[in-house]
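The structure under discussion appears below in the form of structure tokens.
The values are calculated or read from the model by the stated rules, or taken from the named source; none is laboratory data. Because the structure is a prediction, the values reported are computed rather than measured. Note that each Cβ is placed from the backbone with ideal geometry, even for glycine, and that neighbours are counted across all protein chains shown.
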Amino acid sequence: MDLSALRPVFEHAGPFTTVHVDVSRDVEDADHRIDIRRRDVESDLREAGVDDTLVEEIGRRIAEQSGLQGSVRRTLVATDGQVVLDTVHAGVEDSGRTVDHGPLPHLLPWVTVEDRAVSFVLAVADRTGAEVSAYRAAAGDPESSTTVEGGETYYISKVDGVGGEAENRVERLAEENWKANAREIAEEVVSQSRSLGGRPLLLLAGEVQMLTELVAAVEHVDAGAAERVRQLESGSRADGASEEAMWSEVHEVLQRAAVERDGGLGNDLDMARGRDEGSREGADDVLTALTKAQVETVLVEPGLLEDATVDPSAFTGLPLPMGAVEAGELPLGRVLLAAACLSGADMSVVPRGFAGPIGVAALLRWAENPPVSEAGRDQNPV
């Protein structure tokens with residue numbers, strides 16, 4: 001995943017206070033449970049010496065309505081007397097709270113959720129328009145949702161039995177109107193996709209004939225988006241239409257996408273290993289590559305990193321918040337995340353076995369000793 005959203009956090013010197021807390025409201029006594037957790041978090045923060053004003057601000061945010069259904073986790077990071085990160089994730093099973101205070105924020109759990117989520121835009125269309133919604137993950141509420149009512153509503157259906165040129169003319173008008181409405185829908189789909197950032201899937205559902213036009217329209221609006229289009233077999237704008245089958249299919253598509261993503265990363269890593277200089281494995285080699293801004297993507301298995309530590313001062317030039325450079329032994333996962341973010345690298349959470357025996361590997365932007373092409377060789381060696 002792209003870590004640029006975290007860069008403003010790591011540009012502070014530290015120390016950092018990190019809170020992960022369950023703010024789910026799907027049980028009868030949710031308000032009471034959240035209030036208990038809020039008070040416990042505030043107590044933990046005061047024991048850590050956090051300023052009272054900041055403690056109260058964090059407590060206020062914990063008590064806020066998240067606007068999300070089901071299981072919800074709130075993550076907050078504070079430093080320099082202010083909250084610098086405040087996000088909520090739906091669909092995260094989390095009991096209680098985690099409060100941490102140290103030279104680096106405790107954000108690997110946040111990255112794990114963000115990276116494993118598959119963002120998407122869902123359009124349920126017919127010949128007159130569509131409902132278009134953008135999601136960061138299937139478990140959450142939409143980031144945005146718009147009803148597109150096509151500008152062309154006259155001659156929207158073909159007719160039978162008229163005969164002759166009149167019938168042909170009506171059919172041509174209907175087809176042109178479908179195309180015009182499809183273009184309006186496609187523009188909204190692409191717009192919401194760009195607002196999400198990254199490469200979200202574009203899931204299209206609804207009338208079969210309209211979907212044919214809509215796929216072509218999406219490619220016309222943004223040729224690069226065509227490979228991310230997936231047509232669903234279920235879903236309808238009709239009154240009373242059940243959404244259960246459509247959402248079941250959505251989840252299946254997202255699961256396949258996650259598997260394909262892991263397979264792609266595995267192939268990239270295998271190819272890089274085959275080039276000898278295209279990858280690194282193990283903490284020392286990956287951290288050394290990060291000191292040179294050589295890393296394109298850090299691959300981590302969080303379960304294998306839980307107890308691993310490293311002294312950042314052993315890696316001269318490793319980009320870290322100032323307070324962490326001479327802090328002694330620190331959790332390896334936190335150091336990797338901070339250095340990846342500040343060096344412009346991405347990070348991906350991968351299944352067990354992908355990233356070597358200790359759960360750390362990297363794909364490189366450039367090799368230390370790139371192979372010399374035939375064209376680049378000295379044609380007249382001495």
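Only one of the numbered conditions (1) more than 18 Å from Arg116 (Cβ to Cβ); (2) among the hydrophobic types (A, V, I, L, M, F, W, C); (3) in contact (Cβ under 8 Å) with a residue 24 or more places away in the chain; (4) not assigned by TED's automatic domain parsing to the domain that holds Gly344 is not met by Val250, and that is (1).
To keep it simple, each residue is scored yes or no on (1) assigned to a helix (DSSP H, G or I); (2) surrounded by 18 or more Cβ atoms within 10 Å (Cβ to Cβ); (3) on the phi < 0 side of the Ramachandran plot; (4) in contact with a Pro (Cβ under 8 Å, 6 or more places away or on another chain).
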| site | (1), (2), (3), (4) |
| --- | --- |
| Ala226 | yes, no, yes, no |
| Ala241 | no, no, yes, no |
| Trp247 | yes, no, yes, no |
| Val250 | yes, yes, yes, no |
| Arg261 | yes, no, yes, no |
| Gly264 | yes, no, yes, no |
| Arg280 | no, yes, yes, no |
| Asp285 | yes, no, yes, no |
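When the residues of region 165-205 are filtered to those that are modelled with pLDDT under 90 and basic (Lys, Arg), which remaining residue is surrounded by the most Cβ atoms within 10 Å (Cβ to Cβ)? My answer is Lys179. For the subset of region 44-67 comprising residues that are surrounded by fewer than 12 Cβ atoms within 10 Å (Cβ to Cβ) and small (Gly, Ala, Ser), which member is modelled with the lowest pLDDT? Filtering first and then ranking leaves Gly67.
Residues of region 56-82 that are more than 23 Å from the chain's Cα centre (by Cα) and polar (S, T, N, Q): Thr79, Gln82. Listed by position, the helices (runs of 4 or more DSSP H) contained in region 1-99 that have at least 1 residues being aromatic (Phe, Trp, Tyr) and either over 30 Å from Pro319 (Cβ atoms) or not assigned by TED's automatic domain parsing to the domain that holds Ser343 (or both) are 7-10. Restricting attention to region 304-337, the residues that are in a helix (DSSP H, G or I), buried (at least 19 other Cβ atoms within 10 Å of the Cβ), in contact (Cβ under 8 Å) with a residue 40 or more places away in the chain and over 18 Å from the mean Cα position of the chain (by Cα) total 7. Based on this model, can you work out whether Ala293 counts as under 25 Å from the mean Cα position of the chain (by Cα), surrounded by fewer than 19 Cβ atoms within 10 Å (Cβ to Cβ) and small (Gly, Ala, Ser)? So Ala293 fits the description; yes.
With respect to Glu301, is the statement that it is of a type in the set (D, E, K, R) and either buried (at least 24 other Cβ atoms within 10 Å of the Cβ) or within 19 Å of the chain's Cα centre (by Cα) (or both) true? For Glu301, the condition - of a type in the set (D, E, K, R) and either buried (at least 24 other Cβ atoms within 10 Å of the Cβ) or within 19 Å of the chain's Cα centre (by Cα) (or both) - is met.
Against the condition within 16 Å of Gly356 (Cβ to Cβ) and either among the basic types (Lys, Arg) or touching a residue at least 24 places away in the same chain (Cβ under 8 Å) (or both), how does Gly235 come out, does it pass? No: the conditions fail for Gly235. If the condition is being farther than 13 Å from Arg365 by Cα and among the hydroxyl-bearing types (Ser, Thr, Tyr), then region 292-327 contributes Thr309, Ser313, Thr316.
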